[in-house]
Amino acid sequence: MRVTRLQPRNFKQFLWVTCFLPILLWVNSAIAEPSWKLCPPQDFLVPETTVNSADQSTRISADDVTGRYDDAIQFQGNVILEQAGRQIEATDVTITKDKNIEARGGIRASDGKLDVRAAQAVFEEKNKLSHFTDVEYTYKPRHAYGKADEIKTVGNISTLKNSTYSTCPAKKNGWEIKARKITLDRDKGLGTAKNAVFRFKDIPFFYLPTVTFPISGERKTGFLFPQFGRGDPTGAELELPFYWNIAPQYDATITPRIMSKRGVMLQNEFRYLSARHKGSLQVNYLPNDNKTDEDRELFALHHAGKPGKKWQLNLDGSHVSDDDYLDDFGNSLRLGSISHLQRQADLRYSDRWFTFAALGRAYQTIDPNISDTDKPYRLLPQLDFRATLPKDFHGLALSLDSQYTRFSHSVNVNGDRLDIVPRLSWRKDAPAWFFQPAFSWHYTQYDLDNLDLERNLPVVSLDSGLFFERFTENDNIQTLEPRLFYLYAPLRQQDNIPLFDTSEPVFNFPSLFRENRFSGRDRVGDASQLTFALTSRHLDSNSGQENWRASIGQILYFKDREVSLNNTAPETDTRSSFAAELSYTPGTKWVARSTIVASEDLNETERFNLTLGYRGNNRRLANLEHIYRRDDLQQTGISFGWPLNQRWRLLGRWLYSHDESRDIDILGGLEYESCCWKARLVGQRYVTDDENEYNDNISLQLVFKGLASFGEGSQLLQERITGYETDDE
């Protein structure tokens, strides 16, 4: 469901539409189990009976008894009757000779789920019927409360006349449904109200001829509450989602999306779930867009399944009719920044010592600024075979990594690549040290359009480390772990090999121990180098929890690196930059992580990332992020969710670009929660495109616990604030 966005100047229009547009609408609601932690205890719950529902015996206590066993028997004064899982309390109870029960005066009755206070009650044993008049009731599974002129129950179906239904406490003006007739079907987990008025804060919002709502956690077929919004590309919007619970393992949501500037789009999502397969299919279609005079559509398929015991199949792909679809109809900055839509099919077989995978991958490029030569290659097919012998064979480990790929492109060179890498390693571990030499051979063969190529080269590595420990003053453990890693790979000229899927990843601490400085298989870097690294950890001696870890390292180069991606000059530095990592987790509330890359003489910072998070009691959370890349990027982000008291919570996010001296994303929100409803008001301002234009939006969400929600402010908050969670949808 999309996030509802409203321009500030149309907020009054939103309220007007909310109140009057859903007339004659059949509405169904289904949300997850909400939290009732702010609710006061219900003041007239009946103590649960000790008589099992299968026990047909009757237990009665009273101050006085009159009558005969073969005729009517009257019990008076503090009467308590227990029968078949039901308990009745009253001042006067009569049991007739046909075993009907008539109760009067201060009646309190319960069957374990439905608790009732009434003036009079009749229980017919033969028809399994109970009839109450002048009633107040609570339905405990949904924390529901209401009043009725009468309630008639047959089996697990209760019919309420001239009644109300709400999850709000008595005498609290939250929300309620007031209807001439309400039916609670506990077998189906469904409530139905006819000729109903929905009221909030004693204000009638709209009239509903028929409304269905959940009284259990089951999914129900019907209309969901409409969504309203407004945006510059689409104008005023109205969404009317219809949920179809086809079967326990299938469902669908069909949503007409009415846009004043575009027309009517039909949005469809079908979901399925079985013991071995799950997935979804989404189809959106807008005929004859009012702005472009063209049909606009989106298709998306996601599937994950296990066709056999050791087999796994994944399908993931999407398609849009044109390059501007996500910009015009998307609802987030993330969607607007997508350059390629990926389509991939992946079939895998896994055994104890080998795996096989067949993969196909293609892309739809939707960024018009990307040239044809820069578009990614299609992979059809890619075949992977990996095998590993048992690693405990006297410390020896033998593995094979092989891949065949067919690369195709509309402009660039096409070709087939076969890459085979056998690897042999031996590892020896001791309490204070480890030692691991490894040898691998890289054989790669290319069959290009007009050229055949072959590459052979060995790669040798030697990894080793020591472990020192000491006890600190508070009897915790601190370690000191020096590590040496030597790598050798001879030079092989590779400039005539095309770059199908290869790049040079960002240099960081794990890069110090890579056997190839390139990702992908089109380049194997020449190397003769030695890595020096040092790690220190602080451990709790009782739990073994790591309180903090600090690592730093550098590579010493013994020769120039001549292999490059684009025929650039050799790298002649004798030392790499310093790379370091730091993690700090004191207890369960704080977590801090940082990575830094500094010049070889430590005079200049090249890259720096910092993430600091706090998770406190009562849903307190705060995040600090800072990203720095020299001559490229410097941004600082702050986000938080902080309760002002038990009911109010302040939310926010701020992302600032230092190199542009401007705000990238600003979000502020206020959340209110009562026993039975919530409200979220969120304002956002963010950069929308490469031209750095701002988009200003307001999202409003009302959540009526146990019923439904209007708007989707929670989705926006979950995307923007790390750690934000809800329990209402």
Could you state the angle between the C-alpha long axis of helix 11-20 and the longest principal axis of the C-alpha atoms of the chain, as a value from 0 to 90 degrees rounded to the nearest 10? 40
Any idea how far the Cα center of the range 213-265 sits from the one of the range 407-470, in Å? 52
With the dipole of the chain defined by +1 on each Lys or Arg Cβ and -1 on each Asp or Glu Cβ, the option from THR531, SER577, THR636 whose Cα lies farthest towards the positive pole is THR636
If each residue's Cβ is checked for other Cβ atoms within 10 Å, how do SER440, SER318, SER57, SER166 rank with the fewest at the top? SER57, SER318, SER440, SER166
Need one word for the range 339-412: rounded, prolate or oblate. Basis is the Cα gyration tensor (sqrt eigenvalues a ≥ b ≥ c); a/c below 1.5 gives rounded, then a/b vs b/c decides. prolate
Everything considered on the Cα gyration tensor (a ≥ b ≥ c; rounded for a/c under 1.5, else prolate if a/b is larger than b/c, else oblate), the range 541-667 must be described as oblate
Bins of 10 Å, starting at 0 and running to the largest distance - Cα pair percent for the range 628-729: 14, 42, 27, 13, 4, 0
With unit charges on the beta carbon (Lys/Arg positive, Asp/Glu negative), name the residue among LEU383, PRO368, VAL79 whose Cα is farthest towards the positive pole of the charge dipole of the chain. VAL79
So, by mean Cβ neighbours within 10 angstrom, what's the order for 558-570, 357-369 with the highest one leading? 357-369, 558-570
Heads up, the range 426-615 by the C-alpha gyration tensor (a ≥ b ≥ c square roots of eigenvalues; a/c under 1.5 rounded, else a/b over b/c prolate, else oblate) looks prolate
Bin width 10 Å, alpha-carbon pairs only: give the P(r) of the range 34-216 as whole percents, running from 0 to the bin holding the largest distance. 9, 36, 33, 16, 5, 0
Got a sec to turn the phi values of the range 91-97 into Karplus ³J(HN,Hα) couplings, 6.51 cos²θ - 1.76 cosθ + 1.60 with θ = phi - 60°, whole Hz, x for Gly and Pro? 8, 8, 10, 10, 10, 7, 5
How about LYS428: which lysines have a C-alpha closer than 16 Å to its C-alpha, ignoring those fewer than 8 places off in the same chain? LYS391
Fewest to most Cβ atoms within 10 Å: CYS168, CYS39 sort as CYS39, CYS168
Report the percentage of all Cα-Cα pairs in the range 238-315 whose separation exceeds 23 Å, rounded to a whole percent. 37
What is the projected area of the convex hull of the Cα atoms of the chain, averaged over all directions, in nm²? 42.1
Within a 10 angstrom radius of the beta carbon, how do VAL116, VAL283 rank from fewest other beta carbons to most? VAL283, VAL116
Furthest towards positive pole of dipole, ASN609, LEU651, GLY395, structure part the chain, Cβ charges: LEU651
Let me know the charge dipole size of the chain about its Cα centre in debye, to the nearest 20, where only the beta-carbon of Lys, Arg (+1) and Asp, Glu (-1) is charged. 2380
Using alpha-carbon pairs under 8 Å, 6+ residues apart, how would you state the relative contact order of the range 585-724 in percent? 13
Counting only other residues whose beta carbon sits under 10 Å from that of THR365, what net charge do I get with K and R as +1, D and E as -1? -3
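Throughout, read-outs are computed from the coordinates displayed, never taken from laboratory work. Quantities reported herein were computed from a predicted structural model and do not represent experimental measurements. Positions of Cβ are backbone-derived with ideal geometry, glycine not excepted, and every protein chain shown enters the neighbour counts.
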